[in-house]
Structure formats: C-alpha cells, structure tokens
Amino acid sequence: MFENLTDKLQAVFRRLGKRGILREADVDEVLREIRLALLEADVHYKVVKDFIARVRERAVGAEITRSLSPAQQVIKIVHEELIETLGEPGRLELKGPAPYVIMLVGLQGSGKTTTVAKLARYLKQTGHLPLMVASDTYRPAAVTQLEVLGRQLEMPVHSEGQHLSPPRICANGVREARRRGYDVVILDTAGRLQIDQEMMGELEAVKRAVKPVETLLVADAMTGQEAVNVASGFHQQIGLTGLILTKVDGDARGGAAISMRAVAGVPIKFLGTGEKTDALEVFHPDRLASRILGMGDVLTLIERAEATFDEEQAERLERRLREASFDLEDFLEQFQQIKQMGPLSQILDMLPGLGGLVQEVSPEVTDRQFKRIEAIILSMTPEERRNPRILNSSRRKRIARGSGTTVQEVNALLKQFRQMQRMMKQLGKGKKGMRGLMRMFG
Ligand SMILES: Nc1nc2c(ncn2[C@@H]2O[C@H](COP(=O)(O)OP(=O)(O)OP(=O)(O)O)[C@@H](O)[C@H]2O)c(=O)[nH]1
Ligand SMILES: [Mg+2]
C-alpha cells in the first residue's frame with residue numbers, strides 16, 4: 001500500500017543521504033521534491049502546503065546534533081510531522097450504559113457490510129460480545145450477505161427481512177442485545193451512489209432511534225480525494241465520530257489517508273486491508289507514517305543512535321581526541337558500541353557522513369571487515385592497544401595467528417589507525433573524529 005509515494009520519498013532521502021551538510025537551499029530542494037511526491041499521491045494541496053511549511057521551519061532551524069546526520073534529521077522531522085498530520089490513534093469510545101451501538105454508514109460498495117463483520121470479529125477478540133444488525137432493506141442480498149458472514153464467524157446477526165423500516169430493525173436489534181446480554185451492537189446500513197437527502201434523513205432517523213456512541217463512515221481509500229469529500233459531506237450532515245478507511249491494500253497513493261484528518265476533521269479509527277474478515281487494523285499514525293516513509297528500520301536506528309551516543313560519551317571521546325591520546329582501546333570501545341546498535345550493514349548507512357557508502361560496499365563484505373578488525377585488536381594485549389608503537393614483527397606475527405589473519409592485514413590496520421590518529425589530531429572534534437573513524441572501513 002502507498003508504494004508509489006514510498007518509492008518517491010525514499011529516492012529523495014537517498015539523494016539527501018549523500019550530503020554531508022545541509023544548506024537552506026538544499027532543504028528547499030528536498031522540500032520541493034517531497035511536495036511533488038505528496039501532490040502526486042493525491043494529498044490535498046492545503047495539507048501539502050501546511051505540511052511543507054512545518055517541516056521547513058523545523059529543518060532550517062534545526063540544531064546540529066551529534067547523533068544524527070543532516071539527512072536523518074530531515075527524515076525524523078518528516079516522520080514526526082506526518083504523524084501529526086495523520087491525527088490521533090484510533091480507538092472506539094465505548095462508554096455509558098451497554099449495549100454500545102456502533103453505526104456504520106457510507107456510500108454503496110465502500111465496504112460497510114464487510115466491515116461490520118470485521119469489527120465484530122475484532123471486538124470479540126478484545127473481549128466483547130457483539131451483535132450485528134442487518135438494516136439494509138434495499139437490496140435482498142444485503143441481509144443474506146451479513147448472515148453468511150455471521151455464520152462464518154459463528155457470531156450472531158439480528159435480521160428481520162426487508163419489510164420493516166431501518167430505524168425499527170435497529171431499535172429491535174438493540175432491545176434484543178440488551179435482553180440477551182450482548183454489550184456491543186454493530187449496525188449495517190444501506191448505501192447510496194451518492195449523498196442524498198433521503199439517505200441522510202434515514203440515517204438520522206436511525207441515529208435518533210438507537211443513539212449510537214460511534215457513527216463511523218466507511219470510505220473507500222482508492223477513491224482518493226473523493227473519499228475526503230464524502231467524509232466532509234457526511235460529517236456536516238449527520239455528524240461522524242470517526243472513519244474506517246477500506247481497500248487501503250489497493251491504494252498505491254495514500255492521499256485519502258493523509259488528508260482525511262486535516263480536511264474532513266474526522267479521525268481515522270481503522271484501516272481495512274483486504275477482503276477477509278481479519279483484514280482490519282487499528283489505526284496507528286506512527287506505524288502508518290513509518291510505512292509511508294518505507295523505513296521502519298531506519299527510524300528505529302535513529303532512535304537507537306540518539307540513545308546510544310549520549311552527550312557524556314561524546315565529550316569524553318572529544319577530550320581524548322583533543323589530548324591526542326585516542327588509542328586502540330578507545331577504538332575498540334567505540335567499535336563495540338556501534339556493534340550493539342544492530343546489524344552493521346544498516347548502521348553504516350545511518351552514520352553521519354557514510355550515507356553513500358553502503359551502496360558501494362556489500363553488507364557481507366563490510367561485516368566481514370568489521371569482524372576481522374575487531375579480532376585483530378582483541379588479539380593485542382592492553383598494553384599494545386594503548387601503545388601500538390611497541391608492536392614489532394614478532395608481536396605482529398602473534399597477533400595475526402591469534403586473530404586468524406595475516407601479518408599484512410595487521411600491518412594494514414595499524415597503518416590505517418596511524419593515518420586516522422593524524423587526521424583526528426587535525427580535526428580534533430568529536431563528531432568529525434567519529435566520521436574519520438568510520439571512514440576506515442570504507
Ligand atoms: N481489497 C479490499 N476489498 C474490500 C475491503 N473492504 C471491502 N472490500 C470489498 O468491497 C466490496 C464491497 O464490500 P461490501 O462490504 O459489500 O460494501 P458495502 O458498503 O456494504 O456495499 P453496499 O451494501 O452495496 O452499499 C466487496 O467485494 C468486498 O470484498 C478492503 O479493505 N480491501
Ligand atoms: Mg452492504
């Protein structure tokens with residue numbers, strides 16, 4: 001789902017990752033591309049405008065942090081603002097005296113009947129006893145459709161054919177639920193091709209008759225902005241408490257989901273992600289935002305990087321670098337900290353200044369190199385690590401044997417380390433020092 005938008009955003013971030021620093025002009029360029037990607041995804045233009053303005057303000061004013069590269073910072077801001085745009089997590093407000101009535105409304109074919117069954121199943125799993133009510137009296141097949149779903153789920157459906165009025169059937173359903181101890185009643189209603197007065201009048205009559213705690217619009221995500229217009233229309237006329245966006249599995253763009261909260265003012269509570277009755281997800285803005293960005297792993301890494309490289313450590317390292325006393329012990333310590341963060345191939349991409357490296361070096365090669373370097377240093381005595389100058393040829397032979405490498409590899413590592421020490425003395429700054437350290441493995 002949303003694969004088109006995800007592809008475009010990832011391309012933007014990949015290019016961004018190759019830049020060491022971000023000037024205002026770079027930020028503007030990136031935002032232009034994000035703006036375009038969102039508009040192509042059919043996100044409402046006002047939502048796009050507002051979103052870009054918020055990201056820009058934060059990205060330009062963002063403090064340079066030790067732990068995140070400029071690209072990571074932009075990703076982080078985009079992620080957070082996307083969550084903000086998507087709205088609050090979906091939850092049903094089941095309060096007051098039971099039975100709680102949940103009424104589903106929506107246009108024809110949007111997925112109401114299917115969603116009634118999905119909701120019933122979800123509620124049962126979360127400890128409720130739901131009763132489904134078939135009040136779509138317009139199509140003979142509609143009642144049967146819900147009854148079939150009920151049998152599949154082995155859950156009860158209240159139906160009275162097509163001859164009573166929907167408000168009567170719904171009121172009877174609620175009475176039945178109260179009598180038999182069901183605590184939630186889910187109403188299936190009839191859909192129309194478009195919003196019309198007759199339909200709204202009937203839905204209002206049902207609402208008056210059974211006083212639902214939730215009136216949820218079922219809207220087809222594949223219709224994009226049209227779904228947002230439909231939501232606005234329903235909300236103005238009968239008042240909605242939320243929305244279930246269906247067919248998200250077939251929606252490559254994502255415009256409806258992203259615009260819905262901001263334009264229609266209706267919170268999304270669930271996503272329908274398939275035809276089967278288990279294809280219902282509680283709406284989690286943070287998870288959806290990660291999915292839209294297509295970088296769940298990367299976002300986790302950003303969090304971990306922020307937590308791991310804390311200020312105290314950075315300062316200690318910086319002091320050691322200033323004093324030019326950074327030795328192979330420090331090196332090993334840094335190294336092991338980086339390893340704690342997770343698989344190396346992922347982390348390399350995330351380290352400041354290393355954005356482009358991973359495409360060039362395969363993950364297997366990098367991981368092998370890291371292991372070899374670590375093995376060599378671990379085969380040294382603490383004294384050797386503190387003072388590599390004492391490493392004569394017989395010591396080097398011993399280290400090579402101990403680490404399963406060759407003397408040439410040991411020599412190469414020591415040479416790289418000396419170069420790095422020199423470079424660090426020149427740079428003398430914690431973060432840049434880290435970059436130098438990491439560059440060794442390229
Ligand atoms: N792929 C996919 N299909 C869905 C989803 N939800 C519903 N459908 C399909 O959409 C079609 C219409 O679903 P219904 O539940 O009958 O829709 P409805 O709103 O009750 O339709 P009417 O009663 O005619 O107004 C069916 O073929 C469903 O299988 C979904 O989340 N994903
Ligand atoms: Mg139906």
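The values are calculated or read from the model by the stated rules, or taken from the named source; none is laboratory data. In this text the structure is predicted, and so the values were computed from the model without any measurement. Because the Cβ atoms are built from the backbone with ideal geometry, glycine has one as well, and the counts that use them run over all protein chains shown.
Structural remarks
- Unique match (being away from ligand 1 (no atom under 16 Å from the Cβ), closer than 30 Å to TYR45 by Cβ and of a type in the set (Gly, Ala, Ser)) among ALA209, ALA171, ALA227, ALA262: ALA262
- Considering only residues in segment 174-190 that are within 14 Å of ligand 1 (Cβ to nearest atom) and crowded, with 22+ Cβ neighbours inside 10 Å, the one that is farthest from GLN237 (Cα to Cα) turns out to be ILE186.
- Just one of (1) farther than 21 Å from LYS269 by Cα; (2) of a type in the set (D, E, K, R); (3) within 11 Å of ligand 1 (Cβ to nearest atom) fails for LYS118. It is (1).
- For segment 222-263, the tally of residues that are within 22 Å of the chain's Cα centre (by Cα), among the small types (Gly, Ala, Ser) and farther than 16 Å from PHE2 by Cβ stands at 2.
- Exactly one residue among VAL101, VAL105, VAL48 is buried (at least 21 other Cβ atoms within 10 Å of the Cβ) and within 16 Å of ligand 2 (Cβ to nearest atom), and that residue is VAL105.
- So LEU131, is it within 14 Å of ligand 1 (Cβ to nearest atom) and either under 34 Å from the mean Cα position of the chain (by Cα) or under 24 Å from VAL230 (Cβ atoms) (or both): no
- Scope segment 155-165; condition modelled with pLDDT of 95 or more and not in a strand (DSSP E or B); matching residues: MET155, PRO156
- From the list THR114, THR137, the one residue that fits, being at pLDDT below 95 and of a type in the set (Ser, Thr, Tyr), is THR137.
- Checked against (1) over 28 Å from THR273 (Cα atoms); (2) away from ligand 1 (no atom under 16 Å from the Cβ); (3) at pLDDT below 95, GLU198 passes all but condition (2).
- Residue check, ARG253 in a loop (DSSP other than H, G, I, E, B), within 16 Å of ligand 2 (Cβ to nearest atom) and at pLDDT below 95: no
- Across segment 191-210, the number of residues qualifying as crowded, with 17+ Cβ neighbours inside 10 Å and among the small types (Gly, Ala, Ser) comes to 2.
- Hits in segment 180-197 - residues which are in contact with a Leu (Cβ under 8 Å, 6 or more places away or on another chain) and in a loop (DSSP other than H, G, I, E, B): GLY181, TYR182, ASP183, THR189, GLY191, ARG192, LEU193, GLN194, ILE195
- Count of segment 92-112 residues which are in contact with a helix residue (DSSP H, G or I) (Cβ under 7 Å, 6 or more places away or on another chain) and more than 16 Å from ligand 1 (Cβ to nearest atom): 2
- Contacts under 6 angstrom Cβ, first residue in segment 25-44 being more than 14 Å from ALA11 (Cβ to Cβ), partner polar (S, T, N, Q) and part of a helix (DSSP H, G or I), 6 or more apart: ASP42/GLN225; VAL43/SER259; HIS44/SER259
- Considering residues of segment 183-206 that are without any contact (Cβ under 8 Å) to a residue 12 or more places away in the chain and under 20 Å from GLU226 (Cβ atoms) only, the residue farthest from ligand 2 (Cβ to nearest atom): GLN197
- Taken together, the criteria exclude GLY233 from residues that are within 16 Å of ligand 2 (Cβ to nearest atom) and in a helix (DSSP H, G or I).
- Failed item in (1) within 16 Å of ligand 1 (Cβ to nearest atom); (2) hydroxyl-bearing (Ser, Thr, Tyr); (3) under 35 Å from the mean Cα position of the chain (by Cα), with THR126 passing the rest: (1)
- Test: VAL148 is loosely packed, with under 15 Cβ neighbours inside 10 Å, more than 27 Å from the chain's Cα centre (by Cα) and within 16 Å of ligand 2 (Cβ to nearest atom): yes
- Only one of the listed residues (LEU271, LEU288) is within 13 Å of ligand 1 (Cβ to nearest atom) and either β-branched (Val, Ile, Thr) or not in a loop (DSSP other than H, G, I, E, B) (or both). That residue is LEU271.
- Test: residue in segment 378-400 that is more than 20 Å from GLU333 (Cβ to Cβ), within 43 Å of the chain's Cα centre (by Cα) and surrounded by 18 or more Cβ atoms within 10 Å (Cβ to Cβ): no
- Of all the listed residues (ILE268, ILE258), the sole one being of a type outside the set (Lys, Arg), surrounded by 23 or more Cβ atoms within 10 Å (Cβ to Cβ), at pLDDT 85 or above and closer than 18 Å to ILE77 by Cα is ILE258.
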